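Asks: This is the structure I have questions about; it appears just below.
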Amino acid sequence: MNYLIILLISILSCNTETPAKFSEEALNDTFVTLEGNHIPFKEALETYKGQTLLIDIWASWCGDCIKGMPKVKTLQKEYKDVTYIFLSLDRNQEAWKRGIKKYDVVGEHFFMQSGWDGAFGEFVNLNWIPRYMVVDKQGNIKLFKAVNADDEKIKEILNEYKL
């Protein structure tokens, strides 16, 4: 009985609220552009300020990511006013660039050089890919976590911002 009480207290006291903004640490994590420039994530976000963003964290070696790409392409056809940002967890930049070409991944691309355990990965509690997030035009995180591109929550949120 005591274990049950401790378990319930532990569960109920956990902060399960999802963040509405990226942490300073996540914003300062450095990503690599296709041109080879190293930029903080906040600079990438600033580039797309005023736009609704769908962030897809993926890797070309990830079977589930590749299976999800046709679903992402369907979203891109339906929600043309959304900016699609692909953050790669490939093992190296060459594999990342090959993957973009091989799978015809259309959107804005960044390589997560800090990987799973960097400040950005820790902030989003990255434990599985693909991982999808939606950020509104004001930079607020509207969907913190989805693992399927056809998740109804993605469509519900994108419909709110559809022109």
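Asks: Look through region 104-122, keep the residues that are open to solvent by less than 30 Å² (accessible area, probe 1.4 Å) and not in a helix (DSSP H, G or I), and return whichever of them is modelled with the lowest pLDDT.
Replies: Taking region 104-122 as the starting set, the residues that turn out to be open to solvent by less than 30 Å² (accessible area, probe 1.4 Å) are 105, 109-112, 115, 118, 120-121.
Checking which are not in a helix (DSSP H, G or I) leaves us with 105, 109-112, 115, 118.
On the way: 105: 97, 109: 97, 110: 97, 111: 97, 112: 95, 115: 90, 118: 93.
Among those residues, the one meeting the criterion is 115.
Asks: Contact list please: Cβ distance under 6 Å, first residue in region 119-130 and farther than 9 Å from residue 26 by Cβ and among the aliphatic types (A, V, I, L, M), second residue open to solvent by 40 Å² or more (accessible area, probe 1.4 Å) and modelled with pLDDT of 90 or more, pairs at least six apart or on different chains.
Replies: 126/116
Asks: I'd like to know if region 133-150 contains one or more residues that are open to solvent by 10 Å² or more (accessible area, probe 1.4 Å) and either more than 17 Å from the chain's Cα centre (by Cα) or of a type in the set (Gly, Ala, Ser) (or both).
Replies: yes
Asks: Let me ask another. Looking only at region 70-96, filter to residues that are open to solvent by less than 10 Å² (accessible area, probe 1.4 Å) and touching a residue at least 60 places away in the same chain (Cβ under 8 Å); which one of those is farthest from residue 126 (Cα to Cα)?
Replies: Across region 70-96, the extreme among qualifying residues is 79.
Asks: Quick check: is even one residue across region 29-39 in contact with a Pro (Cβ under 7 Å, 6 or more places away or on another chain), open to solvent by less than 10 Å² (accessible area, probe 1.4 Å) and of a type outside the set (Val, Ile, Thr)?
Replies: So far as region 29-39 goes, no, none of its residues is in contact with a Pro (Cβ under 7 Å, 6 or more places away or on another chain), open to solvent by less than 10 Å² (accessible area, probe 1.4 Å) and of a type outside the set (Val, Ile, Thr).
Asks: Which ones in region 151-163 are of a type outside the set (Phe, Trp, Tyr) and open to solvent by 30 Å² or more (accessible area, probe 1.4 Å)? Quick ask: steps written out before the conclusion?
Replies: Kept after step one, since they are of a type outside the set (Phe, Trp, Tyr), are these residues of region 151-163: 151-160, 162-163.
Matches in region 151-163: 151, 152, 153, 155, 156, 159, 160, 162, 163.
Asks: Please verify whether residue 55 is in a helix (DSSP H, G or I), open to solvent by less than 70 Å² (accessible area, probe 1.4 Å) and of a type outside the set (Lys, Arg), treating the condition exactly as stated.
Replies: Working: in a helix (DSSP H, G or I): no; open to solvent by less than 70 Å² (accessible area, probe 1.4 Å): yes; of a type outside the set (Lys, Arg): yes.
For residue 55, the condition - in a helix (DSSP H, G or I), open to solvent by less than 70 Å² (accessible area, probe 1.4 Å) and of a type outside the set (Lys, Arg) - is not met.
The values are calculated or read from the model by the stated rules, or taken from the named source; none is laboratory data. Note that the structure is a prediction, hence the values are computed from the model and not measured. For neighbour counting, all protein chains shown are included, and Cβ atoms are generated from backbone atoms with ideal geometry for every residue, glycine included. Heads up: the accessible areas ignore ligands, DNA and RNA and are worked out on the full protein's heavy atoms, side chains in. Shrake-Rupley method; radii C 1.70, N 1.55, O 1.52, S 1.80 Å.
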